[in-house]
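Trainee: Here it is, the structure in full.
The values are calculated or read from the model by the stated rules, or taken from the named source; none is laboratory data. None of the values given here were measured: they were computed from a predicted structure. Glycine gets a Cβ as well: all are built from the backbone with ideal geometry, and neighbour counts include every protein chain shown.
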Amino acid sequence: MTPAMRLSRPLTIYATIVLCLSIALLTLHTYSPMASIPTLSSHTGGGGIPPSYYNNDGLDVPDANDEEHVPDVVLRANATLLMLARNSEINAAVLTVKELEDQFNHKYRYPWVFLNEQFFTEEFKQRVSILTSGPVYFEKIPDEHWYQPNSINEAVAEEERRKMEDDGVIYGGSVSYRNMCRYNSGFFYRHPLLQNFKYYWRVEPGATFHCDVNFDPFVFMQENNKVYGFTITLYEFPRTIESLWSTVRDFTTEHPEFVSPNSAMDFISDDEGESYNLCHFWSNFEIADMDFWRGPAYTAFFDYLESRGGFYYERWGDAPVHSIAAALFGGTDRIHFFNEIGYEHPPFTHCPSSSELWRLGRCTCDLANNVDYNEHSCFWRWGRMSGQ
Ligand SMILES: Nc1nc2c(ncn2[C@@H]2O[C@H](COP(=O)(O)OP(=O)(O)OP(=O)(O)O)[C@@H](O)[C@H]2O)c(=O)[nH]1
Ligand SMILES: *[C@@H]1O[C@H](CO)[C@@H](O)[C@H](O)[C@H]1NC(C)=O
Ligand SMILES: [Mg+2]
């Protein structure tokens, strides 16, 4: 670089800045007398929309990288947002994370924990990290928590998978789906990082949150001693859980001490426990207490289920497993229906059933498109039983 160039380059840059600022001041003056030059120059690099166009009275979305402007928000419950995802689901994951951040978490800044049986890619980590307002962790699941255990007779399991596939059962032939269901039933809350938390909000890539959440559901859970929160209830496919209920009955016969005197048996059985009516809380949405899963009742229950091998010989889902446990060992008073939280996991949507809640939450769901009162939902039983 010659001395002449050294001199002329800053001069050119200086001239350009002066020219640009003059134009900016002239053009912006009429629209935005408040715009100050320092603000402008620090934000408009790259030719973006000037800050004066941004509505500063709107949502105060904090920038996690901007240490000086961290709003004075304290974590109020011992809780985390939780997503199990594959690297290939990144596009769905970012949409869901952004939505929940914008509608809820930017005000509370709870951490996010992402779990995967493989290492998350740099792309996944980067694209998610720019969206989150609090701490974010990308964790690999220990192999021994994820894969089919040696106690399972693979020849038998394989034969059952083949039959289920022939019967047209959804995910009937899939081992990875079974790994996932078993993991969500009995292992995620044992992950070393999750030992630091009591409550979690399970979030799935591709889920849609339809309403502003203007309250803290974790604090609600904590103050009201709840162990399980849901938005949608459905019926399970009977073919996937053929021996689950008899196993549950065997367990409760051996361990009556774990069954709550206030059990929600009338939600899961129409004949006082003789048979399972297939009703469950749809577990792709859960706000729940991991200490309940870690406690003596659920620990004994999960070990019992595991000893029967039904996660692999059948296709037991985490939804009926969690739901039956919450209903029997938690009980009606400790389960909560979050009507305010508009939630969609295709093909079903829960839209708040009162137009007042719908309006307050600025919901994007159609009030008329609410699964609660259609034939796929078990919600009427919950309403009858809990008085909701
Ligand atoms: N890391 C990882 N995550 C998985 C795997 N299988 C499923 N998941 C996650 O587990 C959750 C449930 O899996 P889905 O495939 O959505 O199952 P589903 O909700 O029953 O079925 P869909 O109706 O197809 O969504 C999602 O968060 C997935 O990202 C897997 O093999 N590895
Ligand atoms: C949060 O909860 C977990 C699980 O109960 C507990 O081990 C941990 O000490 C708690 N942390 C705080 C800060 O209370
Ligand atoms: Mg799903």
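Trainee: Being free of Cβ contacts under 8 Å to residues at least 40 places away in the same chain and more than 16 Å from ligand 1 (Cβ to nearest atom) is the filter here; which residues of the stretch 166-191 pass it?
Mentor: Hit for the stretch 166-191 is ASP166, nothing else.
Trainee: Take the residues in the stretch 58-110 that are of a type in the set (S, T, N, Q) and modelled with pLDDT of 60 or more; name whichever of them is nearest to ligand 2 (Cβ to nearest atom).
Mentor: My answer is ASN78.
Trainee: Given (1) away from ligand 1 (no atom under 16 Å from the Cβ); (2) in a helix (DSSP H, G or I); (3) closer than 21 Å to ARG308 by Cα, identify the lone condition not met by GLN195.
Mentor: So GLN195 meets the others, but not (3).
Trainee: Between LEU305, LEU360, LEU367, which is within 20 Å of VAL248 (Cα to Cα) and either in the same structural domain as SER246 (by TED's automatic domain parsing) or within 18 Å of the chain's Cα centre (by Cα) (or both)?
Mentor: Going through LEU305, LEU360, LEU367 in turn, the sole match is LEU305.
Trainee: Please determine whether any residue of the stretch 162-177 is modelled with pLDDT of 95 or more, surrounded by fewer than 21 Cβ atoms within 10 Å (Cβ to Cβ) and of a type in the set (Phe, Trp, Tyr).
Mentor: yes
Trainee: Turning to a different aspect of this structure: Taking the criterion of being among the acidic types (Asp, Glu), closer than 27 Å to GLU344 by Cα and away from ligand 1 (no atom under 14 Å from the Cβ), would at least one residue in the stretch 114-126 satisfy it?
Mentor: yes
Trainee: Looking at (1) over 25 Å from ASP266 (Cα atoms); (2) within 16 Å of ligand 3 (Cβ to nearest atom), which is the one condition that is false for HIS350?
Mentor: (1)
Trainee: Looking for something under 26 Å from HIS145 (Cβ atoms) and surrounded by fewer than 15 Cβ atoms within 10 Å (Cβ to Cβ) - is there at least one such residue anywhere in the stretch 196-214?
Mentor: Scanning the stretch 196-214 turns up at least one residue that is under 26 Å from HIS145 (Cβ atoms) and surrounded by fewer than 15 Cβ atoms within 10 Å (Cβ to Cβ).
Trainee: Given the criteria in the same structural domain as SER283 (by TED's automatic domain parsing), within 16 Å of ligand 2 (Cβ to nearest atom), closer than 29 Å to VAL175 by Cα and hydroxyl-bearing (Ser, Thr, Tyr), does THR299 qualify?
Mentor: Judged against the criteria, THR299 is a match.
One line per residue, one yes/no per condition, for (1) farther than 24 Å from PRO347 by Cα; (2) aromatic (Phe, Trp, Tyr); (3) in a helix (DSSP H, G or I):
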{"site": "VAL128", "(1), (2), (3)": "yes, no, yes"}
{"site": "SER151", "(1), (2), (3)": "yes, no, no"}
{"site": "VAL156", "(1), (2), (3)": "yes, no, yes"}
{"site": "CYS181", "(1), (2), (3)": "no, no, yes"}
{"site": "SER185", "(1), (2), (3)": "no, no, yes"}
{"site": "TRP201", "(1), (2), (3)": "no, yes, no"}
{"site": "PRO205", "(1), (2), (3)": "no, no, no"}
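Trainee: Are any residues in the stretch 189-221 β-branched (Val, Ile, Thr), closer than 14 Å to PHE338 by Cβ and more than 16 Å from ligand 2 (Cβ to nearest atom), and if so, which ones?
Mentor: Across the stretch 189-221, the qualifying residues are VAL203, VAL213.
Trainee: Only one of these conditions is not met by ARG249: (1) more than 17 Å from the chain's Cα centre (by Cα); (2) within 15 Å of ligand 2 (Cβ to nearest atom); (3) surrounded by fewer than 16 Cβ atoms within 10 Å (Cβ to Cβ). Which number is it?
Mentor: Failing condition for ARG249: (2).
Trainee: Being out of contact with any His (no Cβ under 8 Å at 6 or more places or on another chain), in contact (Cβ under 8 Å) with a residue 60 or more places away in the chain, among the charged types (D, E, K, R) and surrounded by fewer than 23 Cβ atoms within 10 Å (Cβ to Cβ) narrows it down to one residue among ASP289, ASP366, ASP333; which is it?
Mentor: Being out of contact with any His (no Cβ under 8 Å at 6 or more places or on another chain), in contact (Cβ under 8 Å) with a residue 60 or more places away in the chain, among the charged types (D, E, K, R) and surrounded by fewer than 23 Cβ atoms within 10 Å (Cβ to Cβ) holds for just one of ASP289, ASP366, ASP333, which is ASP333.
Trainee: Is it the case that VAL203 is within 15 Å of ligand 1 (Cβ to nearest atom) and within 15 Å of ASN116 (Cα to Cα)?
Mentor: Judged against the criteria, VAL203 is a match.
Trainee: Then there is this: Please tell me if TYR276 is among the hydroxyl-bearing types (Ser, Thr, Tyr), at pLDDT 95 or above and in a helix (DSSP H, G or I).
Mentor: Judged against the criteria, TYR276 is not a match.
Trainee: Being away from ligand 1 (no atom under 16 Å from the Cβ), within 12 Å of TYR312 (Cα to Cα) and among the β-branched types (Val, Ile, Thr) is the requirement here; does ILE152 meet it?
Mentor: Judged against the criteria, ILE152 is a match.
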